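What follows is a single structure, written as structure tokens, with notes after it.
The values are calculated or read from the model by the stated rules, or taken from the named source; none is laboratory data. What you are looking at is a predicted structure, and each value in this text was computed from that prediction instead of being measured. Every residue, glycine among them, receives a Cβ derived from its backbone with ideal geometry; neighbour counts consider all protein chains shown. Note: areas computed on protein heavy atoms with side chains; ligands, DNA, RNA excluded. Shrake-Rupley method; radii C 1.70, N 1.55, O 1.52, S 1.80 Å.
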Amino acid sequence: SSDRKPDFVVIGAQKSATTWLFECLHEHPEIVVPQQKEVHFFCREEDCRFSTRARGERWYLSNFRRSAGTKIVGELTTDYMYYPYAVDDLYRFQPNLKIIALLRNPIDRAYSAYWMWKRHNRSLPDFEEMVSASNNSLIARGLYYRQLLPYLTSFGRENVKIYIHEELRRRPEEFFADLYSWLGVDSKFRPVAIKKNIGETRVYPGILGKVVYKGISPLINLK
């Protein structure tokens with residue numbers, strides 16, 4: 001088996017069913033993804049305690065060992081959408097990448113992320129306090145347009161696929177047919193993980209997020 005540069009990267013967003021997507025990509029016989037969900041190779045040590053950049057390119061490529069039936073290899077790290085330098089580093093490394101983004105209503109996304117943090121840190125202030133504080137990424141990770149524009153500019157609109165979490169939840173079969181077909185692998189394959197419940201968190205009501213979200217989603221997604 002030989003190592004090769006990735007053909008695609010899922011860049012985020014965090015808390016938008018990316019773990020479920022990873023499992024469904026992992027199952028496809030023609031796709032190779034790393035054993036661990038997020039590699040964090042293009043994150044910098046000063047920003048990200050999970051960064052693997054120091055291990056070097058050879059180590060990174062060793063995550064994509066292809067076998068006889070492999071058509072494409074790729075990875076998924078939700079921080080790539082959030083850290084602004086990741087797009088340039090990815091483009092320098094592999095300009096022919098296909099980029100995939102899953103977006104979720106930013107208020108639901110923030111609320112879900114908050115409860116994920118809360119599980120690891122019981123002493124966290126309440127949600128409203130966290131949102132009004134400027135020293136965390138709860139709000140910033142939902143500024144999708146700002147984060148996606150550099151990817152659309154660098155890689156080209158035709159090489160960036162944007163899916164909406166709420167839509168793919170309703171029609172997962174169609175989502176996978178479309179995604180697999182776009183990636184150039186067997187689009188009739190249906191992963192067992194498709195039936196898994198996609199991570200859910202109680203919805204925090206907020207009309208503003210819905211307006212902004214519904215407002216920009218047609219602009220960034222041509223469908």
Matching entry among Leu124, Leu102, Leu168 (being in contact with a helix residue (DSSP H, G or I) (Cβ under 6 Å, 6 or more places away or on another chain), surrounded by 13 or more Cβ atoms within 10 Å (Cβ to Cβ) and in a loop (DSSP other than H, G, I, E, B)): Leu124
Residue pairs meeting the criteria (Cβ under 8 Å; at least 6 apart or on separate chains; first more than 17 Å from Gly184 (Cβ to Cβ) and charged (D, E, K, R), in segment 8-29; second part of a loop (DSSP other than H, G, I, E, B) and modelled with pLDDT under 90): Lys15/Gly199; Lys15/Thr201; Glu23/Lys196
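Looking only at residues that are outside any loop (DSSP other than H, G, I, E, B) and open to solvent by less than 50 Å² (accessible area, probe 1.4 Å) in segment 183-203, which one is modelled with the highest pLDDT?
Here is the first cut: in segment 183-203, the residues outside any loop (DSSP other than H, G, I, E, B) are 183, 192-195.
Adding the requirement that they be open to solvent by less than 50 Å² (accessible area, probe 1.4 Å) leaves 183, 193-194.
Numbers: Leu183: 97, Ala193: 87, Ile194: 87.
The extreme case among them is Leu183.
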Unmet criterion (only one of (1) part of a loop (DSSP other than H, G, I, E, B); (2) at negative phi) for His26: (1)
Single residue of Tyr91, Tyr151, Tyr111, Tyr82 found to be open to solvent by less than 40 Å² (accessible area, probe 1.4 Å) and within 29 Å of Gln35 (Cβ to Cβ): Tyr151
So Lys5, is it open to solvent by 20 Å² or more (accessible area, probe 1.4 Å) and farther than 25 Å from Pro172 by Cβ: yes
Which numbered condition Glu75 fails, given (1) within 28 Å of Ile162 (Cα to Cα); (2) out of contact with any strand residue (DSSP E or B) (no Cβ under 7 Å at 6 or more places or on another chain); (3) of a type in the set (Asp, Glu): (2)
Selection from segment 78-99 of residues that are part of a loop (DSSP other than H, G, I, E, B) and either at positive phi or among the β-branched types (Val, Ile, Thr) (or both): Thr78
Number of positions in segment 51-77 that are within 26 Å of Asn136 (Cα to Cα) and either modelled with pLDDT under 95 or in a helix (DSSP H, G or I) (or both): 2
Test for Ile139: is it β-branched (Val, Ile, Thr), open to solvent by 60 Å² or more (accessible area, probe 1.4 Å), touching a residue at least 12 places away in the same chain (Cβ under 8 Å) and on the phi < 0 side of the Ramachandran plot: yes
Inter-residue pairs, beta-carbon under 7 Å, first more than 19 Å from Lys98 (Cα to Cα) and touching a residue at least 60 places away in the same chain (Cβ under 8 Å) and in segment 158-171, second open to solvent by less than 40 Å² (accessible area, probe 1.4 Å) and among the β-branched types (Val, Ile, Thr), 6+ apart: Arg169/Ile198
